[in-house]
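Enquirer: Supplied in structure tokens, the structure appears directly below.
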Amino acid sequence: MRRPFIAGNWKMNLAARDAVRLAQEIRERIGSVPDRDVAVCPTFVSVSAVAAALEDSPIGVGGQDCSQWDDGAYTGDISASILRSASAKFVILGHSERRHVMGETDEVVRAKMGKAREAGLKPILCVGETLEERKSGNTLAVVERQLRKGLEGLTSEDLAETTVAYEPVWAIGTGEVATPEQAQEVHAAIRGWLKDLGGPVGEDIRIQYGGSVKPDNVGGLAAMPDIDGALVGGAALKADSFSAIVGFGTA
Ligand code: PGA
């Protein structure tokens with residue numbers, strides 16, 4: 001049985017003080033969550049403060065990216081080890097905004113995956129097709145390429161610490177959520193590739209769905225056999241909606 005994992009991606013929002021306040025509110029609302037994992041991913045400058053606010057809580061903290069290089073002369077970058085030393089446990093890598101806005105290639109994402117694992121971070125590898133790619137029938141080919149490339153060369157120990165997030169680009173921040181069936185089709189394919197790559201470990205890797213997840217659609221998505229939680233953007237910025245998403249199926 002895979003434990004559901006719900007992560008909030010706060011993107012480039014919230015000054016440090018507001019990030020800490022949101023973390024405290026989420027902590028109060030969520031209380032204990034014995035049967036699922038939860039994380040929030042603030043901007044780099046808030047990671048330490050948010051981690052301090054969530055100390056001794058069941059909520060982990062992650063970064064939204066990390067450098068593809070080790071510490072050194074890379075002005076403006078944040079290495080995986082520096083992120084880890086700021087108390088981050090997770091890191092989102094290959095998010096579509098980084099792939100499509102910042103121009104990250106599969107090779108860059110793969111390099112970051114390696115650095116994250118070397119530093120002891122648990123990566124959340126994002127994959128997903130654009131609307132154009134879906135319309136032209138290339139969804140599975142694109143997702144398979146991003147997945148295989150992103151995981152290339154990782155050991156089965158690394159894979160065991162990895163989460164995959166399927167985030168169709170057309171559903172991110174648009175209010176247009178994939179139907180549970182549309183998402184499950186891709187999740188099932190991802191599950192097959194993960195088993196192909198990792199053997200039995202592939203059965204245990206969690207695959208989150210992301211893209212306009214809200215309290216009223218998370219239940220239907222999470223009921224699908226290969227959907228193991230959610231990566232939440234907009235609805236993660238409010239304590240009430242995020243905690244309602246975290247509590248899916250328990251109300
Ligand atoms: P959204 O973002 O929930 O606002 O669609 C999801 C994400 O980008 O991870």
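Enquirer: Of the residues that make up region 19-33, is at least one at pLDDT 95 or above, within 19 Å of the chain's Cα centre (by Cα) and not in a helix (DSSP H, G or I)?
Expert: no
Enquirer: Further question: Given A165, A222, A160, A230, which one is modelled with pLDDT of 95 or more, under 16 Å from R2 (Cα atoms) and touching a Cys at 6+ places or on another chain (Cβ under 7 Å)?
Expert: On the way: A222 fails: touching a Cys at 6+ places or on another chain (Cβ under 7 Å); A160 fails: touching a Cys at 6+ places or on another chain (Cβ under 7 Å); A230 fails: touching a Cys at 6+ places or on another chain (Cβ under 7 Å).
Sole residue among the options that is modelled with pLDDT of 95 or more, under 16 Å from R2 (Cα atoms) and touching a Cys at 6+ places or on another chain (Cβ under 7 Å): A165.
Enquirer: Pick out the one residue from Q146, Q208 that is more than 18 Å from G8 (Cα to Cα), modelled with pLDDT of 95 or more and within 16 Å of the ligand (Cβ to nearest atom). Please lay out each step first, then the result.
Expert: Working: Q208 fails: more than 18 Å from G8 (Cα to Cα).
Exactly one residue qualifies, and that residue is Q146.
Enquirer: Any residue in region 163-176 that is farther than 24 Å from A23 by Cα and more than 15 Å from the ligand (Cβ to nearest atom)?
Expert: No, that holds for no residue.
Enquirer: Count, please, the residues in region 223-242 that happen to be away from the ligand (no atom under 14 Å from the Cβ) and within 19 Å of V33 (Cβ to Cβ). Full working, then the answer.
Expert: Going residue by residue through region 223-242, those that are away from the ligand (no atom under 14 Å from the Cβ) are 223-228, 239-240.
The next check asks that each one be within 19 Å of V33 (Cβ to Cβ); those that pass are 223, 227-228, 239-240.
Going through region 223-242 one residue at a time, the tally reaches 5.
Enquirer: Given the residues V218, V186, V201, which is the only one that is within 14 Å of the ligand (Cβ to nearest atom) and of a type in the set (V, I, T)? Let's see the steps before the verdict.
Expert: Values: V186 fails: within 14 Å of the ligand (Cβ to nearest atom); V201 fails: within 14 Å of the ligand (Cβ to nearest atom).
Exactly one residue qualifies, and that residue is V218.
Enquirer: Sticking with this structure for a sec: If I go through region 220-238 residue by residue, how many of them are in a helix (DSSP H, G or I) and within 18 Å of the chain's Cα centre (by Cα)? So that I can check it myself, show each step before the final result.
Expert: Our first condition is that a residue be in a helix (DSSP H, G or I); within region 220-238, this holds for 220-222, 234-237.
If we keep only those that are within 18 Å of the chain's Cα centre (by Cα) too, we end up with 221-222, 234-237.
Going through region 220-238 one residue at a time, the tally reaches 6.
Enquirer: Hey, any hits in region 118-140 for a residue that's of a type in the set (D, E, K, R), surrounded by 19 or more Cβ atoms within 10 Å (Cβ to Cβ) and within 27 Å of D70 (Cα to Cα)?
Expert: For region 118-140, residues of a type in the set (D, E, K, R), surrounded by 19 or more Cβ atoms within 10 Å (Cβ to Cβ) and within 27 Å of D70 (Cα to Cα): present.
The values are calculated or read from the model by the stated rules, or taken from the named source; none is laboratory data. A quick note: this is a predicted structure, and the numbers were derived from the prediction, not measured. Note: ideal-geometry Cβ built from the backbone for every residue, glycine included; neighbour counts use all protein chains shown.
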